[in-house]
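A short write-up of the structure that comes next.
The values are calculated or read from the model by the stated rules, or taken from the named source; none is laboratory data. It should be emphasised that the depicted structure is a prediction, and the values quoted were computed from it without experimental measurement. All Cβ positions, even for glycine, are placed from backbone atoms using ideal geometry, and neighbour counts span all protein chains on display.
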């Protein structure tokens with residue numbers, strides 16, 4: 001088995017940027033950078049919370065648009081399933097993040113960095129489930 005698309009330098013740079021953004025949000029505002037919670041609480045928050053949440057979410061969208069505009073070869077999008085399946089998958093992910101008390105970014109980046117036992121266990125569960133899914137798909141001949 002070969003790793004065809006292993007790009008350690010861009011991965012390291014991206015990880016550093018994510019870590020820096022999470023640290024800055026924590027240090028400057030005392031908030032965790034868990035995307036599902038930020039999105040889920042955007043319009044149900046107390047006064048003073050809306051502006052930073054919109055700025056955070058706007059930054060996510062702006063970064064994606066910037067990548068498409070300035071480095072289009074880095075964004076390759078192919079959707080073999082239809083948009084209906086994509087919406088159902090998104091709803092399931094949203095439900096799962098609420099059930100799990102956060103998303104992978106919240107637990108994996110912010111929770112582990114704070115040594116939160118719940119986040120460590122959640123991230124281990126995410127990784128194990130992902131590994132089992134890939135193993136099942138490869139053994140089943142899908143991949």
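Give the range 24-54 a look and list any residue that's surrounded by 12 or more Cβ atoms within 10 Å (Cβ to Cβ) and free of Cβ contacts under 8 Å to residues at least 12 places away in the same chain, or say none.
45, 49, 50
For residue 61, are the conditions met, namely being surrounded by fewer than 10 Cβ atoms within 10 Å (Cβ to Cβ) and either modelled with pLDDT of 85 or more or under 16 Å from the mean Cα position of the chain (by Cα) (or both)?
When the stated conditions are applied, residue 61 passes them.
Kindly indicate the residue of the range 119-143 that is surrounded by fewer than 17 Cβ atoms within 10 Å (Cβ to Cβ) and touching a helix residue (DSSP H, G or I) at 6+ places or on another chain (Cβ under 7 Å) and also farthest from residue 20 (Cα to Cα) among those meeting that condition.
Once the filter is applied, the top-ranked residue is 143.
Quickly run through the range 66-83 and pick out the residues that are part of a helix (DSSP H, G or I), loosely packed, with under 11 Cβ neighbours inside 10 Å and either in contact with a helix residue (DSSP H, G or I) (Cβ under 7 Å, 6 or more places away or on another chain) or modelled with pLDDT under 90 (or both).
Matches in the range 66-83: 72, 73, 74, 83.
Would you point out which residue out of 17, 88 is modelled with pLDDT of 85 or more, loosely packed, with under 13 Cβ neighbours inside 10 Å, under 17 Å from the mean Cα position of the chain (by Cα) and part of a helix (DSSP H, G or I)?
17
Residues checked against (1) at positive phi; (2) under 17 Å from the mean Cα position of the chain (by Cα); (3) touching a residue at least 40 places away in the same chain (Cβ under 8 Å):
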| residue | (1), (2), (3) |
| --- | --- |
| 56 | no, yes, no |
| 72 | no, no, no |
| 92 | no, yes, no |
| 96 | no, yes, no |
| 105 | no, yes, yes |
| 125 | no, yes, no |
| 133 | no, no, no |
| 140 | no, no, no |
